[in-house]
Structures are given as C-alpha cells and as structure tokens.
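Chemist: My questions will all concern the structure given below.
FYI, it's all coordinate maths here, none of it is from the lab. Because the structure is a prediction, the values reported are computed rather than measured.
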Amino acid sequence: MRFAGMALDAGNYIDAGKKGGNSMDSIIAKANPDYTGLSGAAGKTRSQEKVAKFDAQSMVQNAAMNSLANTKASAFGAQATIAQGEAAASATQAAGFGDMIGGLAGGLTKGFGSSSGVGGKWRDASSVGFKGNQVNDLGRLRY
C-alpha cells in the first residue's frame, strides 16, 4: 500500500489540474493572434493609404494646372505671332508706299531735270571751277 496515501490525497490531483490548466493557457496565449500589433499595423497601413491618396490628388491637380498654363502660353504665343505678322505687313506696306513716292519723285525729277526750276537751265560749272558739275543762272551748284 505504498500508493494508498497518495490516492487519498486530493491535493495532488488539484495541483495537477491547475498545472495542466496553466500550461493550456500559455499554449492558447501563444497561439492567439497579437490583436494589439495587428491594430497598430492596420492604423499605419490606413495612414499610408491616405498619404498615397493625397499625393495622387496633388499630382493630378499639378498636371491640370501645368496643362492650363501651357495652353495659355501657347495662346499668347499665337497672338504674338499674329501681331508680328501684322506688323511686318504694315512695314511692307509702308515700304511699298515709300518706294512709290520715291518713284514718283524720281520721275518728276527726271521730267524736270533739264531745268533747275527757278534760275533757268543747268550749265557746265567747269568755267567757274567745278569741273564735272552743273550750275544754274542763280549760281546754285548741282553735284
């Protein structure tokens, strides 16, 4: 009867049951998910998603503003090109009028070239010391 004393001692069974329960609790604790760590990781992920969303929105808005600026700049460039063309046309027209007036004046000068107007006809100025030039009756010298 060496085991009889142990069989009557219920404390041993209770201690064994407690030890089994404690080891079961530690096994379950190790196997359960880390809810604190998971919630922290979820919060961090949500924050990163929001930052990525704001970054994407800002890129789209910047692209829209750049596109609008490029469109406006192109419109201003086109207006400047039109203005340059109009200015060149006006300058060409003015040059044409100048050439026309010069041609008329040249024609009139040729037509009246033999006469000096007031003072009579032109004569050789060699006699008065200007060889190769002409002088009129009033002494006006034509080179």
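Chemist: Which length gain, in nm to one decimal place, applies between A94 and N66 when the Cα-Cα distance is subtracted from 0.36 nm times their residue separation?
Modeler: Going from the current span to full extension adds 5.9 nm.
Chemist: Something else: List every residue whose amide H lies under 5 Å from the amide H of N133, counting only residues 5 or more places away in sequence or on a different chain, with H placed 1.01 Å from N in the peptide plane.
Modeler: A125, S126
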